[in-house]
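The values are calculated or read from the model by the stated rules, or taken from the named source; none is laboratory data. Predicted model only: the values in this text are computed from it and were never measured. As a convention, Cβ positions derive from the backbone with ideal geometry for all residues, glycine included, and neighbour counts pool all protein chains shown. With ligands, DNA and RNA removed, areas are computed over all heavy atoms of the protein, side chains included. Shrake-Rupley method; radii C 1.70, N 1.55, O 1.52, S 1.80 Å.
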Amino acid sequence: MKDAKPFPVLKNDNLLRAARGEVVDRVPVWVMRQAGRYLPEFQELRKLHDFFTVCRTPELACEVTMQPLRRFDLDASIIFSDILVIPQALGLTVEMHAGVGPVLPQPIVVPEDLKRLTPDGALSRLSYVGDAITMMRHKLEGRVPLIGFTGAPWTLMGYMIEGGGSKTMSKAKAWLNEHPEDSKLFLNLLTDAIVDYLEMQVKAGAQMLQVFESSAEHLSKEQFLEWGVPYLKRIRDELVDRLTKKAIPVVPMTLFAKGAGHSLKEQSELGYDVIGLDWTVDPLEARNLVGPNITLQGNLDPQDMYRDPEELRNLTTEMVHKFGKSRYIANLGHGITPQTPITSMEVLVEAVHKAL
Ligand code: 1CP
């Protein structure tokens with residue numbers, strides 16, 4: 001790496017200990033999308049810079065990554081980026097439209113369009129993420145671990161076919177039925193790019209990794225087992241294999257498959273250290289399904305962040321009591337939403353730390 005200085009020693013490693021099943025001083029807590037639109041300082045910075053300019057400029061990406069840590073006593077940071085940087089690196093244009101979200105004006109419509117993707121050199125086009133991670137490790141001064149992340153193959157395929165977010169993912173689901181062989185090709189191409197990308201993030205300094213399979217919610221259990229699981233397994237297996245061969249320490253990995261509470265047992269068999277839960281899953285049932293050797297992460301309903309502080313405090317305490325202090329990382333069951341009051345984050349973090 002360009003910056004050869006050793007990284008500062010980690011002071012609060014509760015997140016990593018929880019992921020490995022070791023004893024923690026306190027239940028670690030972080031929040032998906034903790035750097036984002038609910039923070040006025042994020043909104044201010046976004047008035048000055050386009051979304052992908054923030055992602056591509058390490059100083060700006062680090063500033064935004066640091067913003068929630070200045071306000072809240074969080075136990076993790078997550079590098080500011082987006083899952084759609086991979087489709088971009090594969091040659092698709094991705095625009096961020098205010099109030100809409102990501103838009104891909106030239107989506108993959110027919111199997112022939114796969115030829116437009118440019119996997120050669122994709123990793124070098126993502127080097128800015130590695131630069132931001134390395135810079136962030138220094139700026140954190142060892143305060144908390146830094147999480148790297150990626151979108152999972154099915155979720156990325158969905159955005160690339162739909163041309164953006166979709167309530168149904170119906171075009172992408174039609175591909176699975178109408179072009180099963182090309183769908184496999186597509187998912188394998190994405191899996192290869194993802195493994196390269198995660199290896200690069202670990203080399204750059206990511207201390208933990210999360211794979212976002214956010215669009216699992218659109219698949220039936222049978223479809224998730226066919227179109228999600230094999231690729232999620234290959235990501236984990238190949239990454240471990242590559243790092244091990246290069247004598248690079250393997251970092252803990254989280255799988256967050258939103259809406260796949262139907263397959264927790266299957267998810268727990270893929271080799272990930274942590275399984276992220278959305279809020280539809282009952283903590284005790286999840287623990288029964290995954291057994292004692294997996295860490296669970298989640299899973300307060302992001303909507304609960306709009307409740308009175310007292311109610312939010314009680315719900316959070318109750319959640320932590322259900323999961324317990326061992327093998328647990330507190331989080332929401334999906335990303336924090338833009339109108340969330342800042343005070344709710346304070347209440348959440350404090351309630352987690354005081355619960356046990
Ligand atoms: O203009 C803005 O500032 C846009 C808001 C925004 C932000 C803050 C988007 C657009 N992405 C992000 C950052 C982001 N995205 C992070 C940052 C790190 C952190 O957690 O603090 C992460 C982890 C993501 C991941 C991401 N992007 C996911 C997976 C997690 C999830 O929410 O399910 C997905 C599906 C996306 C796509 C995306 N990017 C942005 C939006 C609004 C969306 C969702 C669009 C949709 O499906 O309708």
Rg(Cα) / (2.2 N^0.38 Å) computed for region 168-221, rounded to two decimals: 1.42
Pairs from K245/K322; K184/K265; K5/K245; K221/K354 whose Cα-Cα separation, in the structure shown, is over 30 Å: K245/K322; K221/K354
Whole-percent pair-distance distribution, where bins are 20 Å wide, for the alpha carbons of the chain: 31, 62, 7
Candidates per trypsin sites (Lys or Arg not before Pro) in region 142-217, loop by DSSP, up to 12 other Cβ within 10 Å: K167
Theoretical FRET efficiency, 1/(1+(r/R0)^6), r = Cβ-Cβ of K11 and E44, R0 45 Å, to 0.05: 0.95
Percent carbon-and-sulfur accessible area, region 13-355, ignoring ligands, DNA and RNA, probe 1.4 Å: 51 percent
Local net charge near K11, Cβ-Cβ under 12 Å (Lys/Arg +1, Asp/Glu -1): -3
Hull volume in cubic angstrom per residue (convex hull over the Cα atoms of region 62-170): 124 Å³
Heavy-atom accessible area per residue - region 13-355, 1.4 Å, Å²: 39 Å²
Förster radius 56 Å - calculated FRET efficiency between K115 and L356, Cβ distance, rounded to 0.05: 0.55
About the Cα centre, charge dipole magnitude for the chain (Lys/Arg +1, Asp/Glu -1 at Cβ), debye: 740 debye
Net charge contributed by nearby residues that have their C-beta within less than 11 Å of W279 (K/R +1, D/E -1): -3
Nitroxide proxy distance, nm - points 7 Å out along Cα→Cβ at L284 and Q303: 2.3 nm
